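Below: one structure, written as structure tokens.
Values in this text are rule-based calculations from the coordinates and carry no lab data. No experiment lies behind these values; they were computed from the predicted model shown. Ideal geometry is used to build each Cβ from the backbone, glycine not excepted, and the neighbour counts take in all protein chains shown.
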Amino acid sequence: MTVEITGTVHGKTIELDHAPGLPDGQRVTVIVAKTEATETLAPGEGLRRAFGAWAEDAEELDAYLKLNRQQRQIPRREIEP
């Protein structure tokens, strides 16, 4: 029987997220693999991280977006089939 259960390491003890369904005292083999923890972010933190270098420079980002909008208004010739 093989079951995959996530848990948290506390020193030499691994606290499982839910019961493994095995009797107390049952010997098992454990393969430990690091998983990415899901963290709860403060409101707006995900966006701040996604903005990367612009996270701390809102004025520069606004200028770039304004330029981008202006360039989209420039007429372009039609593509001939």
Inset, instruction - Principal axes first, then extents: for the Cα atoms of the chain, list largest minus smallest coordinate on each axis, whole Å, largest first. - result: 75, 41, 18
Inset, instruction - Would you be so kind as to identify which of 73, 25, 54 lies farthest towards the positive end of the dipole of the chain, taking Lys and Arg as +1 and Asp and Glu as -1 on Cβ and the Cα centre as origin? - result: 73
Inset, instruction - At most 10 other Cβ atoms within 10 Å and a DSSP loop assignment: could you name the trypsin sites (Lys or Arg not before Pro) in the stretch 19-67 that fit? - result: 27, 34
Legend entry - Expected 222 nm ellipticity per residue - DSSP helices of 4 or more, -39500 (n - 2.57), all of the chain, to 500: -7500 deg cm²/dmol
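Using a 10 angstrom Cβ neighbour count of at most 12 plus a DSSP loop assignment to flag exposed GluC sites (Glu not before Pro), which longest range of the chain is free of such sites?
Free of exposed loop sites, the longest segment is 40-77.
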